[in-house]
Amino acid sequence: MPDMTKLYEDMGIRRAVLAFGREAEAGLKERFDEIDRTAEYNQLKVIHAMQENRVCEACFNYASGYGYSDQGRDTLEGVYASVFHTDSALVRPQITCGTHALSLALGANLRPGDELLSPVGKPYDTLEEVIGIRPSNGSLAEYGITYRQVDLKEDGTFDYDRIEEALQERTKIVTIQRSKGYQTRPSFSVGQIGELIAFVKKRKPGVICMVDNCYGEFVETVEPSDVGADMVVGSLIKNPGGGLAPIGGYIAGRKDLIDACGYRLTSPGLGKEVGASLGVMQSFYQGLFLAPTVAASALKGAIFAAGIYEKLGFGVIPDSKESRHDIIQAVQLGTPEGVVAFCKGIQAAAPVDSYVSPEPWAMPGYDSDVIMAAGAFVQGSSIELSADGPIKPPYAVYFQGGLTWPHARLGILMSLEYIVREGIVKI
Ligand SMILES: *Cc1c(COP(=O)(O)O)cnc(C)c1O
């Protein structure tokens, strides 16, 4: 083995930082073993789905025009349906992002006069405009679809009494967000989501349960569709794209609901039959194939960061021991300087744009300056190692991703290097 310490040093990581990291890592071995077992199971699940659906070389062919009988597209949708154990799936490059996929699933299955219920508090920021919580051009509210929300209880659990009250005659869809996103509530395990769905369906049998699955795919061996969700929805530039999908979103679920999504995405009468895959299929298949181990790498990175920063006395959510339900890690650095140094370190460790230095700025849609670190192959891809932090108390950074565990490790060591360099901590 050539001298690894020297290579780390050449890349800017001092020995003391490396040693600190090695020590933190040694305490995480059991957790990493558990993550590897989950990845093994999910890898088998994906390969099994590909075999069952007879994926073949022709699936990677270029299809253009209307895309009638696009074999790669139709087979991939079968593979997603097998992975999520659903009747059907819609997996398309024409679904531009996660927000679009969620907007599509809702818009396709709600009609004027229906009500949407979120029993888990406020949804992800971008959904506010989709729903019309913040007035917006084309929102569900503009089409006469109402929205009701039940917040979580103080302790982060479901408020079953109020959920029961909120389930009305007009309630058509119940939307459940698996990941906390960038909020401080806990993320939910698939088991918890299953309990919530069982409760909701007992009170109102016909209601459609949709789960925003963003950042949650392959973190556990089961998915929300295994515990009663009628639709699961996500982005291909997060976990299931495995870092290779350059665009896209998916919706997997009950056939009638997915058919409706097809009609909404393309046109009434046309539905899933059109929409050429334009040569992007190989990356979708190969990305899905890699996704279980990519999600495992990101999880190891998140736990490693929790281990390092809790050792240094910072608040970390979740901590290095807690069970994980998504790939997001928050670290409360407590000062603007800490947030900036952390993000500069993540950027400096990237394979792309490592030489640029991120600075806080007033991004539209945020009520404070925000700093973002991303050196990604796919623009905005958050399955690649990325971090961002609003410059306001409690001065927390949120980070996620890492296509490989060695890169996630390097990024976190580099964040620590920058924090040590700035004199924010001594090790
Ligand atoms: C990322 C995310 C979305 C939106 O996905 P985009 O691809 O950014 O539009 C929605 N919900 C959750 C929980 C997310 O993490």
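The values are calculated or read from the model by the stated rules, or taken from the named source; none is laboratory data. These numbers come from a predicted model, not from an experiment. FYI the Cβ positions are ideal-geometry reconstructions off the backbone, even for glycines, and counts take in every protein chain you see. Areas reflect the complete protein model, heavy atoms only, side chains present, ligands, DNA and RNA absent. Shrake-Rupley method; radii C 1.70, N 1.55, O 1.52, S 1.80 Å.
Here are the numbers for the structure shown:
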| item | result |
| --- | --- |
| Global form of region 19-159, assessed from the alpha-carbon gyration tensor, a/c cut-off 1.5 | oblate |
| Separation between Cα centres of region 310-343 and region 201-236, rounded to whole Å | 28 Å |
| Ordering of 137-150, 24-37 by packing [mean C-beta count within 10 Å, highest first] | 137-150, 24-37 |
| Rounded to 5, the percent of DSSP beta bridges in region 43-288 classed as antiparallel | 40 percent |
| Largest-first principal axis extents of the Cα set of region 43-288 (Å) | 53, 37, 31 |
| Amide H partners (placed H, <5 Å) of Arg92, local residues excluded | Gly249 |
| Selected from Pro135, Pro186, Pro224 as most flexible by GNM, with the chain as the system and alpha-carbon contacts under 10 Å | Pro135 |
| Candidates His100, His48, His407, ranked by Gaussian network fluctuation over the chain, Cα under 10 Å, top entry | His48 |
| For region 301-426: rounded, prolate or oblate by the Cα gyration tensor [a/c cutoff 1.5] | rounded |
| Accessible area per residue in Å² at 1.4 Å probe, computed on region 43-288 | 41 Å² |
| Calculated from backbone phi, Karplus (6.51, -1.76, 1.60) coupling profile of region 164-176 in Hz, x at Gly/Pro | 4, 5, 6, 6, 9, 3, 7, 5, 9, 10, 10, 10, 10 |
| Of all accessible heavy-atom area on region 304-344, the percent that carbon and sulfur account for (1.4 Å) | 53 percent |
| Coil-residue trypsin sites (Lys or Arg not before Pro) of region 352-427, DSSP, other Cβ within 10 Å capped at 16 | Lys426 |
| Straight-distance crosslink candidates among lysines, where the alpha carbon sits under 16 Å from Lys426 and sequence neighbours closer than 8 are dropped | Lys311 |
| Where only alpha carbons of the chain are counted, the Rg and the Dmax (Å) | 21.7, 68 |
| Relative contact order %, region 292-406, counting alpha carbon pairs below 8 Å whose residues are six or more apart | 31 percent |
| For a label point 7 Å along the Cα-to-beta-carbon line of Glu310, residues of region 413-427 with backbone N under 18 Å | 413 |
| Ranked by how many other beta carbons lie within 10 Å on average, peptides 315-323, 258-266, 303-311 from highest | 303-311, 258-266, 315-323 |
| Candidates Asp125, Asp155, Asp369: whichever shows maximal mean-square fluctuation once the chain is modelled as a Gaussian network with Cα springs under 10 Å | Asp155 |
| Per residue solvent-accessible surface (Å²) - region 312-427, probe of 1.4 Å | 41 Å² |
| 222 nm mean residue ellipticity, helices alone, for the chain (DSSP H n ≥ 4; -39,500 (n - 2.57); rounded to 500) | -12500 deg cm²/dmol |
| Region 358-427: relative contact order as a whole-number percent, Cα under 8 Å and 6+ apart | 20 percent |
| Percent of beta bridges antiparallel (DSSP, the chain, rounded to nearest 5) | 65 percent |
| Alpha-carbon centroids, region 348-427 and region 11-74: separation in whole Å | 23 Å |
| Sequence-distant residues sharing a close amide H with Cys209 (under 5 Å, placed H) | Val174, Asp230, Met231 |
| Mean separation of Cα contacts under 8 Å (6+ apart) over length of the chain, as relative contact order % | 18 percent |
| Cα gyration tensor category, rounded, prolate or oblate, for region 171-285 with a/c compared to 1.5 | oblate |
| Whole-percent carbon and sulfur share, accessible surface of region 43-288, 1.4 Å | 50 percent |
